Structure formats: C-alpha cells, structure tokens
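The values are calculated or read from the model by the stated rules, or taken from the named source; none is laboratory data. Keep in mind the model is a prediction, meaning the values are calculated, not measured. Cβ: placed from backbone, ideal geometry, glycine included. Neighbour counts: every protein chain shown.
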Amino acid sequence: MNYELRIKKYFVPLHPKITKYIIYIYMINSQDIKKGTAIRMDGAIWVCIDFQHRKPGKGNTIMIIKLKNVSDGRVLERRFNIGEKLEDVIIERRPYQYLYEDQSGRIFMNQETFEQIPIDNELVIGHEYMKESDIVEVVSDTTDGTILYAEMPVKTILRVTHSEPGIKGDTATNTLKPATLETGVEVRVPLFINEGDLIQVDTRDGSYLARAKE
C-alpha cells in the first residue's frame, strides 16, 4: 500500500515559547482502499464497507466506494479516480468484553490491559444482540485514541425467551413467526422454534441462521 505523508504547520498562541506544531497527515490512493479502511472526508470519518473497480466504456477506471459514517451511521457511495489521494485514518482494532450497563453507558473491558471504559450504545454496531460477557471489536483512531465504533461478531447465539408454540414435525424455514430473544430484541424465526431454544442470528440484520446446540 502506497502512503504519501503531508505535513501541515499551525501557529499555536497557547504559550509564548510555542510558535508552531506539526500535524502528520497520511494520504492513501483510492485504489488501495479496502473493506475496513477508514478515511477522513468532509470533516468526518468514514469506513469502507464495500468497493469495486469499474471501467465505464472507453473511459478511465474508477473506484466506486460505499462508505459508512462512524458518527451517525449514514451510508453513501462515492466515485474516485484511480490515483486520487484521500486522507487515511490509521485505526486500531482491539477485543473488548461487555461487562454491564450503568448511567455512563455500556462498560467494556480491554482483553489485553483489563482497562474498563464506557461506550455509548449508538457506537456499538449490533448492540441489540449483545449480552454480558460478549466480545466485541473496538475500533479507535490512533491519532488521539478516540473510539470510532464497536462491532459485534457477525454471528451470535441467543436464547428464545418468548414465542408462540412451535409446530411439531414442521421443519420448513420459509414460514416465519416473531420471537423475543434474551436481550429483548424481536426477530423472525421458523415455526418449529420454541421458547428456550438457542438460535444463531446475524447481528447485521437480525435474520435467523440456524438452531444452536446447548
């Protein structure tokens, strides 16, 4: 991956002996962006969730990148020319364990340092399916340590706490009924699923994947 380092100088009137400081900005070529790459654009941080190369007729190849705003969750699609420079955000991914929730938010523990920190619900992708002791991936900006977001694994296993009785012998998965899971979220499950069953769900959209073993 090719990086270009740009240096900007700023005057700081905080102390008479301090005249300036330097900010290092890393630039990345558009064609080097992959899923999970973070960039700073329009004053916000965006993460690539999908991308493709496209060559329109006889024109030059372009990059079509789908980006998600880490602050408000907005998703947009942008086109960039090959070789176009974008400001790269160097991010760090670390595993944290969800412990409990209090007035400051949900409390997570760093699995390496055991430090405990609060993270707002809005920053936790898939928080509706998160239960105590779950491990999430916390993504932060290495420049200042700001937490950008936390993300549940794509698949998780939860217990059904309420659902209408299943139909014995009916193994069809194309007919669904509502079911409440142990975190309080409601999903759609096949008719043969009963209260007390463990099921595997997709935390991205809450879709039923399979019945899980005890």
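Some notes on this structure:
- Flag for GLY83 being under 19 Å from LEU148 (Cα atoms), in contact with a strand residue (DSSP E or B) (Cβ under 8 Å, 6 or more places away or on another chain), at pLDDT below 90 and not assigned by TED's automatic domain parsing to the domain that holds ASP144: no
- Among residues of segment 192-214 being closer than 11 Å to TYR129 by Cα and β-branched (Val, Ile, Thr), the one that is modelled with the highest pLDDT is VAL201.
- Whichever residue in segment 1-59 is under 23 Å from ASP141 (Cα atoms), among the small types (Gly, Ala, Ser) and not in a strand (DSSP E or B) and, among such residues, is modelled with the lowest pLDDT: GLY36
- Flag if THR175 is outside the structural domain of ARG40 (by TED's automatic domain parsing), touching a residue at least 60 places away in the same chain (Cβ under 8 Å) and in contact with a Pro (Cβ under 8 Å, 6 or more places away or on another chain): no
- Cβ separations smaller than 9 Å between residues 6+ apart or across chains give the following pairs from segment 124-146 residues that are within 19 Å of LYS35 (Cβ to Cβ) and in the same structural domain as GLY105 (by TED's automatic domain parsing) to residues that are among the aromatic types (Phe, Trp, Tyr) and at pLDDT 90 or above: VAL136/TYR96; VAL136/TYR98; VAL136/PHE108; GLU137/TYR96; VAL138/TYR96; VAL138/PHE108.
- Of the criteria (1) under 30 Å from ARG74 (Cα atoms); (2) touching a His at 6+ places or on another chain (Cβ under 7 Å), which one VAL139 fails: (2)
- Residues in segment 60-80 that are part of a loop (DSSP other than H, G, I, E, B) and within 23 Å of VAL138 (Cβ to Cβ): VAL70, SER71, ASP72, GLY73, ARG74.
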